[in-house]
1. For Thr348, state whether it is under 22 Å from Ala425 (Cβ atoms) and not in a loop (DSSP other than H, G, I, E, B).
2. Please go through (1) open to solvent by 60 Å² or more (accessible area, probe 1.4 Å); (2) outside any helix (DSSP H, G or I) for Pro182 and return the number of the only condition it doesn't satisfy.
3. Considering only residues that are without any contact (Cβ under 8 Å) to a residue 24 or more places away in the chain and charged (D, E, K, R), which ones fall in the range 385-404?
4. Can you tell me which of Gly298, Gly326, Gly364 is within 30 Å of Arg244 (Cα to Cα), open to solvent by less than 20 Å² (accessible area, probe 1.4 Å) and not hydrophobic (A, V, I, L, M, F, W, C)?
5. Quick one: would you say Leu213 is modelled with pLDDT under 95, within 26 Å of Gly398 (Cα to Cα) and within 26 Å of the chain's Cα centre (by Cα)?
6. Between a residue in the range 148-172 that is surrounded by 17 or more Cβ atoms within 10 Å (Cβ to Cβ) and any residue that is assigned to a helix (DSSP H, G or I) and among the basic types (Lys, Arg), which pairs come within a Cβ distance under 8 Å, given they are 6 or more apart or on different chains?
7. Restricting attention to the range 212-226, report how many residues are of a type outside the set (Lys, Arg) and either part of a loop (DSSP other than H, G, I, E, B) or open to solvent by 40 Å² or more (accessible area, probe 1.4 Å) (or both).
8. For the range 235-256, state whether one or more residues are buried (at least 21 other Cβ atoms within 10 Å of the Cβ), closer than 21 Å to Tyr179 by Cβ, out of contact with any strand residue (DSSP E or B) (no Cβ under 9 Å at 6 or more places or on another chain) and at pLDDT 95 or above.
Amino acid sequence: MPIRTGPIATLFAAFAALSASFAAADPVTSFTLDNGLQVVVIEDHRAPVVVQMIWYRVGAADEPRGHSGIAHFLEHLLFKGTDKIGPNEFSAMVEAQGGDDNAFTSWDYTAYFQRIAADRLDLVMGLEANRMRNLRLTEEDVATEREVILEERAQRTDSDPGSLLSEQMRAAQFMNHPYGIPVIGWRHEMEQLSRDDALSYYERFYAPNNATLVIAGDVFPEDVKLLAEKHYGPLAPTADLPPRERSQEPPQLAERRITLADERVSEPYVFRTYLAPERDPGNQAEAAALTVLAELLGGSGQTSVLARALQFDSQIAVYSSAFYDGTGIDDATFGLILVPAADVTLETAEAAMDQVVADFLKTGPDPAALERIRMQIRAGDIYARDDVNALARRYGEGLSVGLSIEDIESWDAALSAVTEADVMAAATKVFDRKNAVTGWLTRPVAEGEASE
């Protein structure tokens, strides 16, 4: 075996030591209650803190047609109270015990969490279990919170040209699949969401047999099981849960292009997304290769392929990036972003970006860079385990999209196994312009100026 020297050897040694320390840690424990609730316990006894996360296997991609935003709307409404907890008292009770809580919605799941002292787990588990089945809503609650989500859309999407471009591009990328619908919803449909819509969605999907409970921190599995049986065990499952079947995309036959001109734009840029395979249960090799590919091309502002070629060598761009996240039920996207220098047109910038990708497909990655990137991704994956909140999210998200605990725990091994041939096969497959949406974000052309 060759002797490792230099920075890569240092990184390898640090990673190996850290990986060994986690390998020696207590294993993740999982069990299922009689009502179908899956429970995952992740032990970390370094501090007397615990995180509770409840993940519902329903999100924006599961919404009824014409009711976009209902998943996110219901996330807000779950803080309005139950038969035992008054309106908006949930968070106040958690805060009074020195904890904090929040929630988030994506296309494939909706999750709620609390971070609190370990000896308060009994309290927050009771609170969370109570609102799984006992939500109480008034028309006033619904009207008030509807205004809140409309204002959230106004601030985060409608007032941000970059968000508007991303939203339009996603709608173009997924013309038939519900991944093309924004999580927050289309405004005209959000305005019509009603109390009946929210309760119907809640009663259909918020059930123990449609959820995963993740407890991470200073706990023991046997204690968690007793508490879970006490609080969640009495809740009745839903007998007729619908299968998670979504309408799928027809074959994309040609590249789709969007130009969004907005006077609020300060820095024009080129943004492209390609359809890409998701991380499949039992077979994560392709997703691992795409993860490494994204890091190679645009993960670093100093050493990545795009940065070196476009920011330093030619100085065509001031920023470049690549991204991929395949943790979903259906097809994902692989993206490239390029912000050109002030005197460079978007047309020139896009052509330069395309040339870098074409060159990469011919020459492949530098072997030393590939080893460094692969090691950095693996190390980052391991470092994330040092945060119980991030660790709980890793398991909750993975299980919510159909991955198994074995898939989640073997992700590091999948990243370790990525070869140059794997990266090139993934790149050749994903960089197909027929499966791409290209967006230009720019300022309106002033009278007398030439357009790009």
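1. Working: under 22 Å from Ala425 (Cβ atoms): no; not in a loop (DSSP other than H, G, I, E, B): yes.
So Thr348 fails the test.
2. Checking Pro182 against (1) open to solvent by 60 Å² or more (accessible area, probe 1.4 Å); (2) outside any helix (DSSP H, G or I), the one that fails is (1).
3. Taking the range 385-404 as the starting set, the residues that turn out to be without any contact (Cβ under 8 Å) to a residue 24 or more places away in the chain are 386-387, 390, 394.
The answer is Asp386, Asp387, Arg394.
4. On the way: Gly298 fails: within 30 Å of Arg244 (Cα to Cα); Gly364 fails: within 30 Å of Arg244 (Cα to Cα).
Selected residue: Gly326, the only one of Gly298, Gly326, Gly364 that is within 30 Å of Arg244 (Cα to Cα), open to solvent by less than 20 Å² (accessible area, probe 1.4 Å) and not hydrophobic (A, V, I, L, M, F, W, C).
5. Considered against the rule, which asks whether it is modelled with pLDDT under 95, within 26 Å of Gly398 (Cα to Cα) and within 26 Å of the chain's Cα centre (by Cα), Leu213 comes out as no.
6. Listed pairs, sorted by first residue: Leu150/Arg187; Arg153/Arg187.
7. So the first thing to find is which residues in the range 212-226 are of a type outside the set (Lys, Arg), and the list is 212-224, 226.
Restricting the remaining residues to those that are either part of a loop (DSSP other than H, G, I, E, B) or open to solvent by 40 Å² or more (accessible area, probe 1.4 Å) (or both) gives 218-220, 222-223, 226.
The total comes to 6.
8. No, because not a single residue in the range 235-256 is buried (at least 21 other Cβ atoms within 10 Å of the Cβ), closer than 21 Å to Tyr179 by Cβ, out of contact with any strand residue (DSSP E or B) (no Cβ under 9 Å at 6 or more places or on another chain) and at pLDDT 95 or above.
The values are calculated or read from the model by the stated rules, or taken from the named source; none is laboratory data. This one's a predicted model, so the numbers in the text were calculated from it and none came from an experiment. Reconstructed Cβ throughout: ideal geometry from the backbone, glycine too, with neighbour counts over all protein chains shown. Please note that ligands, DNA and RNA were not included when accessible areas were found on the heavy atoms of the full protein model with its side chains. Shrake-Rupley method; radii C 1.70, N 1.55, O 1.52, S 1.80 Å.
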